[in-house]
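Asks: Below is one structure. I have some questions about it.
The values are calculated or read from the model by the stated rules, or taken from the named source; none is laboratory data. Since the structure is predicted, the reported quantities are computational estimates derived from the model, not experimental observations. Virtual Cβ from ideal backbone geometry, glycine too; neighbours counted across all protein chains shown.
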Amino acid sequence: MLEQELVNHLIKTFHLAVTYLRIYPPTSQLVVTTLDSFSKSVQGLAEKNNTLTFSELSGKLLVDGKESDTREIQLIGAIILKLFTQRKIQSITFRSGITTEEMTDFFTALMRKRRDELPEFPHIALDQTVYVAMVKGEEAVVKISEMVQNSGGDIAGLITSLRESYDLIDQFPDPAMRNQMQDHLAQELAKQDPSALRDIFDRELPKKIEESGLKRRLLGALSQEKIQSIFGEISTWYDEIRRNESSDFAAVEQLEKLKNFMQAILSAPAAKEVPRQFFEEMLRKGLLSQIPEWLAAAPRQPETVFDIERLIEKPAAELVAKEILDSLPQLVEKLCQVEYNELLGKFIDKLLENLSNPAATVRLPAVNGIASIYDVLSAHGKENFLRYMELPLLEAARKETSTEVNFYLMELLRLRARQNVLYGEYDLAQRIIDVFYQLMAPLVTPDEGIRSNTSKSFAKLIPEIIGVLVADLKTDNEKKRFGSMQILSKLGKEAIEALVRVIKESDELRNRKLAALAIKNMGEDAKKRFSEELNLGLTADEIRRVIDVLGDIAPGNVTDQLATLIRYPDAAIKKEIMRYLSRYPSGQSKVLLIEQLKDKDEKVAGEAIRLLGEVKCREAVPALVKLLSAMRVPLSLQEEICVALGVIGDSAAVPALIAKLNRKMSWFSRRDTSIERVRMRAAWSLRKFTGKEVEHALEKAASDKATPISLTAKESLSTLRGRS
């Protein structure tokens, strides 16, 4: 059997190891020293007994089946069990042969991974069940536990289980054994809900049970945490009585019963460990006539390192006494100035424990205290401590039911999200923003007050980070660029302006496409807002950048806006817009392309002709034929028109093509080969059609003196007749 001193040492060093690993990297000297001390103790015991097991039983931490007999170590054990619960672990067994390196790897993985992500360790086993033979009386103890746990929690079921338990206890002649069993029964009752405990103290129990001193034993079994939970429920019951009772007489009667229950709980030994603010609230509500005598003197503000160390040894809830909270910023300032990081880490860890306290009267001052030291830690560059606080704050925010506490949690998380974005830690920022979205959703958070608080904090966060997100979206750093895009795409309408700005301003196509993808993922409202940017207020470069990604966003019908932009006097821009229109052909876009045939810039008109041919726009044939037949149309455009008409394949173009093919060069243009190229294009296009007039025209051209024309005409005739 282990000595108590060794049990206490193992529990303390286990706790220190996990605490330091939350704050410092595994290579930190604090971590190395603590794990080395823990490993040596474990190795010695494992070599001697083959194994050493840390396990949970009835809410207590046991080391090889033995619990610490010291209240301070029991509280530390409860903190370790919280980690066990988070990782879904019931026991950890260290085997003979374990090394310090394996121990370090295990603790590091334990703090950073979920249970299902933990790797296998050769000398460490999780949840290894140990079967032991039951000794005399243990069967009865198990039976008593089962009867209380299965009583249903109502007073009738509890009294039945109490009678059956006492009948079982009476079967044992040994008074010491009966006392142990009655103590165990009281411990099981102490786990019941406060309402069940109130029922027990509000009534006379069966004579045998009442005379056995069960209520006294029950008061002795109540822990500080349980009493705090009871006080929280008493406060709630008080508010309900005031709100619901229709007559003053009924209210007075109910309040008197509540005061009696309160007085009974005050006689519990652990009540002396409950923080002062609980009693101050009861005094304010009239449930107490005065502060208990053991709290009559207000606590002294800590001033020295020794005072802080003593404070850390006390229950976490004592840190939220007003006198302590008022001095928190000054205390943390002093610890930062002397770089006493070890003590500072312990102090912060102890303060964070209060976030999981069942009583809002503890959680509210605790989160206030954390908020009061945030700027101090930030000013001294204690980013590792601030980052360490994030996970407890997130876990608390998900579970918080108090609107007041939620307000401070959201503000702290807003500051952390902003800081993470500034440092480019987008995974951490995303984790916080996801919680914001969850708490703003009615499906997840029915409490309107909490949703409102969260929305307000989130609204404050957006303008604080939007500039950094835009800058990082433009950077060459792939990680920052991807992270900023992920967050921008989740910010909804608040991010649209910034994303539009990226598209308009960034020379990097990838950045513009990322911004466009984010806008597309935001839905129709975002697309509509983007389409509003398609106006002549844009510069030439901005128009070009916007058109580049217009297809990635697919904002619906923007032909009207493009009809305005295409008036911009820049051939390159007009060509970009026309290319976009050709990729998404519609009635309106075809009309807009046809209108560009009238453009005086030959490059613009030529691009319009080519694109109309590519999309085989039959609606353009009359306009193309008219342009082909017009006077003073550049020969290069006539070439393009002939090709386009052939690609479109509308028979209405045949007369115009034949006319071009039959056109003879004048005496003045005999040296100009451009006309021959137009005739050659016409000969090529005519192979797309059928009919006697087409064959006749091609036969005639086949004997043309110009070789390119005759050869092309012969090829077209061959193609045409091959289809017959």
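Asks: Only one of Glu47, Glu117, Glu101 is charged (D, E, K, R) and at pLDDT 90 or above. Can you tell me which?
Replies: The match here is Glu101.
Asks: Select the helices (runs of 4 or more DSSP H) contained entirely in the stretch 203-281, then report the ones holding at least 3 residues which are in contact (Cβ under 8 Å) with a residue 12 or more places away in the chain.
Replies: 214-221, 224-244, 248-266
Asks: Which one is surrounded by the fewest Cβ atoms within 10 Å (Cβ to Cβ) among residues in the stretch 374-406 that are acidic (Asp, Glu) and closer than 26 Å to Gln438 by Cβ?
Replies: Looking at the filtered set, the residue picked out is Glu383.
Asks: Return yes when Leu624 is buried (at least 16 other Cβ atoms within 10 Å of the Cβ) and either farther than 25 Å from Thr539 by Cα or without any contact (Cβ under 8 Å) to a residue 12 or more places away in the chain (or both) and no when it is not.
Replies: Taking the combined requirement at face value, the residue satisfies it.
Asks: Evaluate the stretch 394-401: report whether one residue or more is among the small types (Gly, Ala, Ser) and in a helix (DSSP H, G or I).
Replies: Scanning the stretch 394-401 turns up at least one residue that is among the small types (Gly, Ala, Ser) and in a helix (DSSP H, G or I).
Asks: Right, next: Only residues that are surrounded by 15 or more Cβ atoms within 10 Å (Cβ to Cβ) and basic (Lys, Arg): list them for the stretch 258-279, please.
Replies: Correct list: Lys259, Arg276.
Asks: Find all pairs meeting these conditions: Cβ atoms under 6 angstrom apart; at least six residues apart or on different chains; first residue within the stretch 159-188 and polar (S, T, N, Q); second residue outside any helix (DSSP H, G or I).
Replies: Every condition considered, the pairs that remain are Ser161/Ser151.
Asks: Considering only the stretch 76-84, I want to know if a residue exists there that is under 23 Å from the mean Cα position of the chain (by Cα), touching a residue at least 12 places away in the same chain (Cβ under 8 Å) and either surrounded by 15 or more Cβ atoms within 10 Å (Cβ to Cβ) or not in a helix (DSSP H, G or I) (or both).
Replies: yes
Asks: Also: Just give me the residues in the stretch 213-236 being under 36 Å from the mean Cα position of the chain (by Cα) and more than 18 Å from Ser356 (Cα to Cα), in sequence order.
Replies: Listed by number, the residues that qualify are Ile234, Ser235, Thr236.
Asks: Look at Gly613 and say whether it is more than 28 Å from Ser586 (Cα to Cα) and in contact (Cβ under 8 Å) with a residue 24 or more places away in the chain.
Replies: Against the criterion (more than 28 Å from Ser586 (Cα to Cα) and in contact (Cβ under 8 Å) with a residue 24 or more places away in the chain), Gly613 does not qualify.
Asks: Spot the failing condition for Lys600; the list is (1) under 24 Å from Val558 (Cβ atoms); (2) over 53 Å from the mean Cα position of the chain (by Cα); (3) surrounded by fewer than 20 Cβ atoms within 10 Å (Cβ to Cβ), and only one is missed.
Replies: Evaluating Lys600 over (1) under 24 Å from Val558 (Cβ atoms); (2) over 53 Å from the mean Cα position of the chain (by Cα); (3) surrounded by fewer than 20 Cβ atoms within 10 Å (Cβ to Cβ) leaves (1) as the failure.
Asks: Restricting the search to the stretch 17-67, which residues are outside any helix (DSSP H, G or I), of a type outside the set (Phe, Trp, Tyr) and over 20 Å from Leu6 (Cα atoms)?
Replies: Within the stretch 17-67, Pro25, Pro26, Thr27, Ser28, Ser58, Gly59 qualify.
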